Every structure is written in C-alpha cells, then in structure tokens.
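Colleague: Can you keep this structure in mind? I'll have questions shortly.
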Amino acid sequence: EQVARRSTTNNDLALLAAWRARICLAQGDRRAAADWAAASGLRADDPPGFLQEYGHLTLARVLLAEGRLPEAEGLLRRHVERVMQRLDIARARTVEAAERHGFGFATPPRGLFGWVDAGCDTERLAEALLDQGWRIAPGALFHALPRPTTLMRINFATTQDPAFWHALRRTGSHISRR
C-alpha cells in the first residue's frame, strides 16, 4: 500500500481498495463492502473499461451480496460482451498470423482455444520452443493415451504475436528435417 500511495496514478490504490472489499465480502462484512462501493465512484451502469475492470467485477459481487440482481446482471452482461469482443479481435489476429506463416487449423477457430497443425511432433516442438521462451500445449496432453501428434492447442489470447508464429515455423522446420 505504501508503494501504491507513491504511485503517479491512483489506479493501484483503487485496486487495493477493491481487493479489500472482496475480503470484506468473504468475511461476511457486507457493510464495509457497500461502503467501498459507495466511495469507489463506480456505478452498475458504467461502460466497461480495462482500468476499471477489477473494480466493476468487485462491484458486481457487492451488488449480488445485497440482492441487487438486475444491476449486477447488467454490469456482468456488459463485461462479458466486452471480453467476447476482445476475444474476437485476438482470434482474428491469431488466425491471420498463423495463416501468414503457413499454418492451418484442424477445426474452425472458435472460442478461446484452437487446434493448429504444426507439421511435426508437437511434444518435441514444445520442448524446443520452451528453450526460446514460448510455451505451447502439445496435442499429446489432450489424448487419453498420449501419442505423438502434429496438432497443438493454442490460446487465441496469448498467440497473437507474429514472433511466436515465426519461431514456431522456424523451429518446426528444423525438427521436421531431423
């Protein structure tokens, strides 16, 4: 808290205050949480925003604890819509980067995760990429009986960087030549 007080922005203090409100709720102190909500300046009908996200989610918890379901529902619905919009953008960026680097999807890209054909054993690929600072989920992790596969599961939110796809292509080509 002392470090946050010296911050050039008040967002750190706002995060700490929201965190304290969550602790109050967990301890059954709805009054203290409601006091935080009143002092926070956040409202259930605020438009969603990244910097206020934690505070708004905390406010939704307070509203639920107070039985104010319609307000909480509206706030959470807008939050989910914003997350879905951000995921749609991330998925589009990832698909474009993957295709630009010559990778195809085993199933149509939907949701948070996708299946990419890496063209080589993804277990070996995962080990080699980890040494370069990239973490992937080899397809063998998702089989009841692990077996080599060229498929890997990706998270659309974390694989938007074209540098990832470049490293994947370069490393996969090297593994395929062995």
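Colleague: Just the residues that are in a loop (DSSP other than H, G, I, E, B) and buried (at least 16 other Cβ atoms within 10 Å of the Cβ), please, taken from the stretch 49-59.
Modeller: Start the filter on the stretch 49-59 by keeping residues that are in a loop (DSSP other than H, G, I, E, B), which leaves 49-52.
The one that is in a loop (DSSP other than H, G, I, E, B) and buried (at least 16 other Cβ atoms within 10 Å of the Cβ): GLN52.
Let's see how each residue does on (1) among the hydrophobic types (A, V, I, L, M, F, W, C); (2) surrounded by 16 or more Cβ atoms within 10 Å (Cβ to Cβ); (3) assigned to a loop (DSSP other than H, G, I, E, B):
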{"position": "ASP46", "(1), (2), (3)": "no, no, yes"}
{"position": "ARG61", "(1), (2), (3)": "no, yes, no"}
{"position": "VAL83", "(1), (2), (3)": "yes, no, no"}
{"position": "ALA98", "(1), (2), (3)": "yes, yes, no"}
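Colleague: Also: Check THR171, THR107, THR159, THR149 and return the single one that is β-branched (Val, Ile, Thr), assigned to a helix (DSSP H, G or I) and modelled with pLDDT of 90 or more. Talk me through it step by step, then tell me what you get.
Modeller: Working: THR107 fails: assigned to a helix (DSSP H, G or I); THR159 fails: assigned to a helix (DSSP H, G or I); THR149 fails: assigned to a helix (DSSP H, G or I).
Of THR171, THR107, THR159, THR149, the one residue that is β-branched (Val, Ile, Thr), assigned to a helix (DSSP H, G or I) and modelled with pLDDT of 90 or more is THR171.
Colleague: List, please: which pairs have Cβ atoms under 7 Å, are six or more places apart or on different chains, and start with a residue in the stretch 129-141 that is over 15 Å from PHE164 (Cβ atoms) and end with one that is open to solvent by 60 Å² or more (accessible area, probe 1.4 Å) and assigned to a loop (DSSP other than H, G, I, E, B)?
Modeller: If the second residue must be open to solvent by 60 Å² or more (accessible area, probe 1.4 Å) and assigned to a loop (DSSP other than H, G, I, E, B), the pairs left are ALA140/PRO146; ALA140/ARG147; ALA140/PRO148.
Colleague: Suppose we filter the stretch 67-81 for residues that are of a type outside the set (A, V, I, L, M, F, W, C), open to solvent by 70 Å² or more (accessible area, probe 1.4 Å) and over 22 Å from the mean Cα position of the chain (by Cα); how many remain? Don't jump to the end; show me each part of the working.
Modeller: Step one: of the stretch 67-81, the residues of a type outside the set (A, V, I, L, M, F, W, C) are 67-68, 70-71, 73-74, 77-79, 81.
The next check asks that each one be open to solvent by 70 Å² or more (accessible area, probe 1.4 Å); those that pass are 68, 70-71, 73, 77, 81.
Filter once more, keeping what is over 22 Å from the mean Cα position of the chain (by Cα): 68, 70-71.
Qualifying residue count, the stretch 67-81: 3.
Colleague: Considering the stretch 124-152 alone, what residues qualify as being under 18 Å from PRO109 (Cα atoms) and out of contact with any helix residue (DSSP H, G or I) (no Cβ under 6 Å at 6 or more places or on another chain)? Walk me through how you get there before you give the answer.
Modeller: Of all residues in the stretch 124-152, those under 18 Å from PRO109 (Cα atoms) come to 136-139, 142, 150-152.
Passing the criteria: ALA137, PHE142, THR150.
Colleague: Please find, among ALA92, ALA32, ALA38, the residue that is closer than 30 Å to ALA137 by Cα and modelled with pLDDT of 95 or more. It would help to see each step written out before you state the result.
Modeller: Working: ALA32 fails: closer than 30 Å to ALA137 by Cα; ALA38 fails: closer than 30 Å to ALA137 by Cα.
Going through ALA92, ALA32, ALA38 in turn, the sole match is ALA92.
Colleague: For the stretch 103-111, state whether one or more residues are closer than 23 Å to GLY49 by Cα, within 20 Å of the chain's Cα centre (by Cα) and either buried (at least 18 other Cβ atoms within 10 Å of the Cβ) or of a type in the set (Gly, Ala, Ser) (or both). Give the steps one after another, and end with the answer.
Modeller: Of the residues in the stretch 103-111, the ones closer than 23 Å to GLY49 by Cα are 111.
Now narrow it down to the ones that are within 20 Å of the chain's Cα centre (by Cα): 111.
Going one step further and asking which of them are either buried (at least 18 other Cβ atoms within 10 Å of the Cβ) or of a type in the set (Gly, Ala, Ser) (or both), we end up with 111.
For the stretch 103-111, residues closer than 23 Å to GLY49 by Cα, within 20 Å of the chain's Cα centre (by Cα) and either buried (at least 18 other Cβ atoms within 10 Å of the Cβ) or of a type in the set (Gly, Ala, Ser) (or both): present.
Colleague: Would you check if there is a residue in the stretch 122-131 being assigned to a loop (DSSP other than H, G, I, E, B), open to solvent by less than 80 Å² (accessible area, probe 1.4 Å) and of a type outside the set (Gly, Ala, Ser)?
Modeller: Filtering the stretch 122-131 down to residues assigned to a loop (DSSP other than H, G, I, E, B) leaves none.
Within the stretch 122-131 (the criterion being assigned to a loop (DSSP other than H, G, I, E, B), open to solvent by less than 80 Å² (accessible area, probe 1.4 Å) and of a type outside the set (Gly, Ala, Ser)), the answer is no, since none of the residues qualifies.
The values are calculated or read from the model by the stated rules, or taken from the named source; none is laboratory data. Predicted, not measured: the structure shown is a model, and the values here were computed from it. For neighbour counting, all protein chains shown are included, and Cβ atoms are generated from backbone atoms with ideal geometry for every residue, glycine included. Heavy atoms of the whole protein, side chains included, go into the accessibility calculation; ligands, DNA and RNA do not. Shrake-Rupley method; radii C 1.70, N 1.55, O 1.52, S 1.80 Å.
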